[in-house]
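See structure below.
Laboratory data are not the source of any read-out in this text; all were calculated from the coordinates shown. None of the values given here were measured: they were computed from a predicted structure. For neighbour counting, all protein chains shown are included, and Cβ atoms are generated from backbone atoms with ideal geometry for every residue, glycine included.
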Amino acid sequence: MVLSPEERQRLKALVKDTIEGVLFGKETTPVEVTGPLKEKCGAFVTIRNCGSLRGCIGYVRGYLPLYETVKEMAIQAAFNDPRFEPVTSDEWKDIDFEISVLTPMRKIDDVNEIEVGVHGLYIEKGVHSGLLLPQVATEQKWDRTEFLEYTCYKAGLPKDAWKSKDTDIFIFSADVF
């Protein structure tokens with residue numbers, strides 16, 4: 001899904017307004033919901049403080065309309081990512097956020113289909129699963145093999161689990177802003 005600059009701006013305002021509502025007890029401003037913002041779509045919200053990861057949570061698949069997903073994930077990333085303490089009002093001035101709107105996932109049989117910097121990865125094996133967004137591999141300067149290994153690691157699997165025939169590998173793209 002490709003969003004217009006206005007739709008992107010509405011979602012960014014929604015994230016900011018939602019987090020500020022929790023932090024400062026402010027009433028949130030209703031967002032104008034049109035076209036693509038009403039479509040069910042997977043999305044992640046990433047929170048950073050002075051460039052350091054502070055939270056990142058999302059839905060891989062479209063369970064809710066995009067605007068509801070983004071609003072819910074903003075709260076989850078800022079206050080409920082188990083890897084971090086909740087964002088505080090004192091640090092708010094240093095917080096930046098990024099929204100990643102995901103395309104539907106596609107299962108692949110050949111890892112050569114993976115384009116680093118274009119595709120994100122979702123790996124499943126048994127009860128284990130892990131996901132890394134497309135921009136992570138680029139930010140970390142990983143090649144395809146490293147990207148696969150780190151996604152396995154995130155899933156709690158051995159780094160070479162991606163080579164196993166009973167491991168499912170999915171790719172997706174993201175509109176990141």
Taking every C-alpha to C-alpha distance in region 31-177 and binning by 10 Å from 0, the per-bin percentages run 12, 38, 35, 14, 2
Provide the percentage of antiparallel DSSP beta bridges, counting only those with both residues in the chain; round to the nearest 5. 95 percent
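DSSP H helices in the chain with Cα extent of 27 Å or more along the helix axis and mean Kyte-Doolittle hydropathy at least -0.5?
Working: long enough: 5-24 (28 Å, -0.40).
Counting only whole DSSP H runs, the qualifying helices are 5-24.
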Would you please name the GluC sites (Glu not before Pro) within region 72-115 that are DSSP coil residues with at most 15 other C-beta atoms within 10 Å of their C-beta? Glu115
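Which loop-located chymotrypsin sites (Phe, Trp or Tyr not before Pro) does region 5-80 contain, where loop means any DSSP state but H, G, I, E or B and the Cβ has at most 13 other Cβ atoms within 10 Å?
Details: sites: Phe24, Phe44, Tyr59, Tyr63, Tyr67, Phe79; in loops: Tyr63.
The qualifying sites are Tyr63.
Report the full-extension gain for the segment Lys38 to Leu53: residue separation times 0.36 nm, less the Cα-Cα distance, to one decimal in nm. All intermediate terms of the calculation are to be shown ahead of the outcome.
Working: separation 15, 0.36 × 15 = 5.40 nm, distance 2.86 nm.
Going from the current span to full extension adds 2.5 nm.
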Gain on full stretching of the segment that runs from Glu6 to Thr145 - 0.36 nm per residue minus C-alpha separation: 46.3 nm
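Assigning unit charges at the beta carbon (Lys, Arg +1; Asp, Glu -1) and nothing else, what dipole magnitude in debye, to the nearest 20, does the chain show about its Cα centre?
Details: 22 positive and 29 negative charges, 41 e Å.
So the magnitude is around 200 debye.
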In Å and on Cα atoms, what radius of gyration and Dmax does region 106-176 show? 10.8, 32
Once you treat every alpha carbon in region 44-102 as an equal point and sum by Debye, what is log10 I(q)/I(0) at q = 0.15, 0.16, 0.19, 0.21 Å⁻¹? -0.40, -0.45, -0.61, -0.73
For region 60-135 and region 2-44, what is the separation of their Cα centres, given in Å? 16 Å
